[in-house]
Amino acid sequence: MALENGGRPVRERAAEALGRIGDPRAVDPLIEALEDEYAFVRYFSARALGEIGDHRAMRPLKRAKRRKENKDNPYVLREINEALEKLESHTGR
């Protein structure tokens, strides 16, 4: 899968596309991509997880929110927070 094996720009576009497609089978690879070394891969992965709306992403997003490299990046942190808000609205929490 391009999200796991492609170069940085390929992983970014793959995460973005998976969010648009909205297939829940993409949740696990997107969760793994929350730990990518590149901020925009994490950014698009968080956005995609929010768009897909699968509750399995809740804990990984909360963990990602606490990671220093995400706390220090306002763009990634904003996408994580927005994804969490979407998931919380889907689950009613």
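Every number here is computed from the coordinates shown, using simple stated rules; none is lab data. Computed from a prediction, not measured in an experiment: that's the story for all the values here. A quick note on method: Cβ atoms are made from the backbone with ideal geometry, for glycine too, and the neighbour counts reach across all protein chains shown.
Can you say whether Leu84 is under 11 Å from the mean Cα position of the chain (by Cα) and either part of a helix (DSSP H, G or I) or aliphatic (A, V, I, L, M) (or both), as far as the supplied structure shows? Break it down into steps so the answer makes sense when it comes.
Working: under 11 Å from the mean Cα position of the chain (by Cα): yes; either part of a helix (DSSP H, G or I) or aliphatic (A, V, I, L, M) (or both): yes.
Here the answer is yes, as Leu84 does meet what is asked.
State all residues of segment 1-22 that are loosely packed, with under 14 Cβ neighbours inside 10 Å and more than 19 Å from Glu82 (Cα to Cα); if no residue qualifies, say none.
Correct list: Met1, Glu4, Asn5, Gly7, Arg8, Pro9, Val10.
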